[in-house]
Protein chains: 2
Amino acid sequence: MLSVDLSHAIPFLSLPYEEALRPRLSKAAQWLDAGGGKGADFIGWVHLPRDYDREEFARIERASQRIRQDSQALVVIGIGGSYLGARGVIECLASPNYNLKKKTTPNVYFIGNGLSSDALREVAELVEDADFSVNVISKSGTTTEPAVAFRFFRALLEKKYGPDGAARRIYATTDRARGALKSLSDAQGYETFVVPDDVGGRYSVLTAVGLLPIAVAGIDIRALMCGAEEMMQCCSARDFSNPAWQYAAIRSELYRQGKKIELLACFEPSFRFMAEWWKQLYGESEGKENRGIFPASVDFTADLHSMGQYIQQGERTLLETVVRFGPSEHQMVVPFDESDGDGLNFLAGKPLSFLNDQAMDGTLLAHVEGGVPNVIIRADARDARSLGQLIYFFEYACGLSGYLLGVNPFDQPGVEAYKKNMFALLGKPGYEELGEQLRARLGR
Amino acid sequence: MLSVDLSHAIPFLSLPYEEALRPRLSKAAQWLDAGGGKGADFIGWVHLPRDYDREEFARIERASQRIRQDSQALVVIGIGGSYLGARGVIECLASPNYNLKKKTTPNVYFIGNGLSSDALREVAELVEDADFSVNVISKSGTTTEPAVAFRFFRALLEKKYGPDGAARRIYATTDRARGALKSLSDAQGYETFVVPDDVGGRYSVLTAVGLLPIAVAGIDIRALMCGAEEMMQCCSARDFSNPAWQYAAIRSELYRQGKKIELLACFEPSFRFMAEWWKQLYGESEGKENRGIFPASVDFTADLHSMGQYIQQGERTLLETVVRFGPSEHQMVVPFDESDGDGLNFLAGKPLSFLNDQAMDGTLLAHVEGGVPNVIIRADARDARSLGQLIYFFEYACGLSGYLLGVNPFDQPGVEAYKKNMFALLGKPGYEELGEQLRARLGR
């Protein structure tokens, strides 16, 4: 079971902090469990691992089997919370090289998460000669990036399979009842899955939003949900035995004492996009009202040879959280080399996990000595069940953290600013006045 | 030609700063050009685009042709500066999906940049059925991560092609005369290329370190060097017409006024690993003596839906630098959709570059309004020549920045800390005493 180790972080705090935070954490936990706090319309994820829709879950499994049978590729169209969770889980459990590997499951391509013409064209070329399906994920159906990409790939599918054939290959994850994508899906007969009203994008990976692409990649989504439910049980404890209480409390206290940047580190490179998911989760939940820890991430040991210098000796405003997975089963062993020119024969015969573990401990002690508090999050293994635990743990601790900070952990008012400007500059009907103001600011 | 636009950053500075910084920049430029400053043994990169070894360059081109003829894959073994530059350039110019694309050039796999057993095994599996070559990049040949990976892949090659066949497929980029890898290469007859003594790892992408893998991927390394030389000319100006002076000065001044984090942003997802390269360059050069801007990066528009909230409304300690490339030649156009459910028909027929440009401007104005100064770096196109300019520009501005900050921009004393600890915990002969101390600190 996932656990948090604070023994290399607590020494940075001169005063006891748990008692001071207990009443606030109790309140925050109550708000998460039963509402009453800010953003209470968006706490549907809290009991999701227990209450999720079994009928829809079975449909997700059936759809994933159908896609695995009739498609060599799945094009997943979505941005933000409709993108990062699925990509994170697939890369973490099935590898960042998933699409390159020999396998019986389809390739999975993520698009509609930006406006690069080259990126769009490339995915179109990659699926050109393949049988493929599309999973378009958008609550409203009108978000610019996924909507534009969906226009392309829908047209490609219709050209390839005709309108009816295309409709059978399009899976829409969208609002239960309303919106442009839901209307289109009903009119065209796409199979639809639900983005629940009470689960915001960044908390949605364990809904159909994340589960369908993850299942297509051959990952055991039952184990993922099972791990999440185990952690839901742990997180229901209203005391410091709860790992989410431990994590939320220490980062709150370290932030108060000037630790302004949190680095999420992992010693498995396949974790890169889980860290991106985490950055959205925490950055978007806490970064408001001119407050919040700035979330960043590093890929160790690689980045010990890039960001390592800064971490060791730069401004002392860092806090580091390290996700440690138990060793994988298939361990490579350091080969013996007669000449021993590199001087590594003292390691010959050792599994790489032994080296990686010593690197973790060596880094821990070095960074702590350099003035960087280290929080360790231990997960049993890099498998679906442990990752389900980790996801729920981070979500629950994030809800607590936002409430401790005094903000609404479930809104994102700042995200509208660029969209509004973009619409105005694109000439969207109704934005004419703003467009003129912005062009003036740009000196046009 | 690359240019810097400070018009959305200067308004954040209440006082003129150029005159104040001019004498220091003059001194820093003199140190870079002729030595005399800290770390002066490592300024070989400054005149490299003019003075590089033409004979070796021709050998790199020939080696890359040989690899392209006899190999379906190149395994590149290196960490830090022996990894990020080549990966950055290849992903930026040939795509993050380079290995998935149909092409006439070999796949390129990067390994030896960590200690994950799964990552190592995976690359071994990916090249199992392919003819492949190895480029091992290490000044000393004893850095743990690449040395361990090289033991594996050397053994794989020898098993596949015999000792002599393997030796013809191993290319070592290492010290000119000394070190474990140089000795082994001479003994075994590997072709070798040089990591110059006066060029540190993070400034080495335009030496054989970066050039060989980049050339194997089919990228025009002459155009890359040509762009770098053009920028070298620009950067020799000792006044504020020099884009590197502009960039170094404004970030120095913004840092002085409390902007502690610099976000490097790009609206092309293929730029992700160029940003990683940039993070090493700046983080490792400036992050010392408890000082330095913390470098972070974002991939827009994707990350406007994750880090966008923090950027717009989190702590106001951010500075944003946006790399803008001119539009690519092959533009996808937004398709017309009769039903117009998503309401995007007002964009039908527009190239995606138009949308992306308006997203850039809309984001710029939103972030500036939110209190985030924006520096724009304009590059003509996402091609080898422009990227050569950009690389040299960032390097030269980084040298200036380090000197303005008062640190040695060319050392990395903090990187040793984790290595020493790791050796001790691994039981390396000679580290016994430290090992005991560390185990005690770990409570073992």
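The values are calculated or read from the model by the stated rules, or taken from the named source; none is laboratory data. None of the values given here were measured: they were computed from a predicted structure. Quick reminder, even Gly has a Cβ in these numbers, built from the backbone with ideal geometry, and neighbours come from all protein chains shown. The protein model used for the area step is the full one, side chains on, heavy atoms only, and it has no ligands, DNA or RNA in it. Shrake-Rupley method; radii C 1.70, N 1.55, O 1.52, S 1.80 Å.
Figures for the structure shown
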item	result
Residues within region B:239-266 that are assigned to a helix (DSSP H, G or I) and more than 14 Å from chain A (Cβ to nearest Cβ), tallied	12
Selection from region A:269-285 of residues that are in contact with a strand residue (DSSP E or B) (Cβ under 6 Å, 6 or more places away or on another chain) and either facing another protein chain (nearest Cβ under 8 Å) or among the polar types (S, T, N, Q) (or both)	A:PRO269, A:LYS279, A:GLY283
Qualifying residue in region B:298-309 (condition: in contact (Cβ under 8 Å) with a residue 40 or more places away in the chain and open to solvent by 10 Å² or more (accessible area, probe 1.4 Å))	no
Which listed residue is more than 7 Å from chain A (Cβ to nearest Cβ) and of a type outside the set (Phe, Trp, Tyr), from B:LEU390, B:LEU425	B:LEU390
Residue match in region B:286-296 (condition: facing chain A (nearest Cβ under 7 Å) and under 30 Å from B:ARG50 (Cα atoms))	yes
Of the criteria (1) in contact with a strand residue (DSSP E or B) (Cβ under 9 Å, 6 or more places away or on another chain); (2) over 23 Å from B:GLN312 (Cβ atoms), which one A:LYS260 fails	(2)
Which listed residue is in contact with a helix residue (DSSP H, G or I) (Cβ under 7 Å, 6 or more places away or on another chain), crowded, with 21+ Cβ neighbours inside 10 Å and more than 10 Å from chain A (Cβ to nearest Cβ), from B:LEU400, B:LEU352, B:LEU365	B:LEU400
Output for region B:298-316, where each listed residue is more than 7 Å from chain A (Cβ to nearest Cβ), farther than 19 Å from A:LYS420 by Cβ and of a type outside the set (A, V, I, L, M, F, W, C)	B:ASP299
Single residue of region A:125-161 satisfying the filter (assigned to a helix (DSSP H, G or I), more than 9 Å from chain B (Cβ to nearest Cβ) and without any contact (Cβ under 8 Å) to a residue 60 or more places away in the chain) that is least open to solvent (accessible area, probe 1.4 Å)	A:LEU157
Residue under evaluation A:GLY371, criteria (1) open to solvent by 10 Å² or more (accessible area, probe 1.4 Å); (2) within 11 Å of another protein chain (Cβ to nearest Cβ); (3) without any contact (Cβ under 8 Å) to a residue 12 or more places away in the chain, criterion not met	(3)
Output for region B:240-257, where each listed residue is closer than 10 Å to B:LEU319 by Cα and open to solvent by 30 Å² or more (accessible area, probe 1.4 Å)	B:TYR255
B:LEU318 vs. criteria touching a residue at least 12 places away in the same chain (Cβ under 8 Å), in the same structural domain as B:TYR282 (by TED's automatic domain parsing) and in contact with a helix residue (DSSP H, G or I) (Cβ under 8 Å, 6 or more places away or on another chain)	yes
Sole exception among (1) open to solvent by 30 Å² or more (accessible area, probe 1.4 Å); (2) more than 7 Å from every other protein chain (Cβ to nearest Cβ) for A:VAL322, by number	(1)
Those helices (runs of 4 or more DSSP H) lying entirely in region A:24-124 with at least 1 residues within 12 Å of chain B (Cβ to nearest Cβ)	A:84-94
Condition met for B:PHE132 (touching a Pro at 6+ places or on another chain (Cβ under 8 Å) and either modelled with pLDDT under 95 or not assigned by TED's automatic domain parsing to the domain that holds B:TYR392 (or both))	yes
Residues (open to solvent by less than 20 Å² (accessible area, probe 1.4 Å) and more than 9 Å from chain B (Cβ to nearest Cβ)) located in region A:180-199	A:SER185, A:TYR190, A:PHE193, A:VAL195, A:VAL199
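Every residue, every condition in (1) charged (D, E, K, R); (2) open to solvent by 30 Å² or more (accessible area, probe 1.4 Å); (3) in contact (Cβ under 8 Å) with a residue 40 or more places away in the chain, yes or no:
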{"position": "A:TYR17", "(1), (2), (3)": "no, no, yes"}
{"position": "A:GLY37", "(1), (2), (3)": "no, no, yes"}
{"position": "A:TRP45", "(1), (2), (3)": "no, no, yes"}
{"position": "A:ARG50", "(1), (2), (3)": "yes, yes, yes"}
{"position": "A:GLN72", "(1), (2), (3)": "no, yes, yes"}
{"position": "A:TYR98", "(1), (2), (3)": "no, no, yes"}
{"position": "A:ILE111", "(1), (2), (3)": "no, no, yes"}
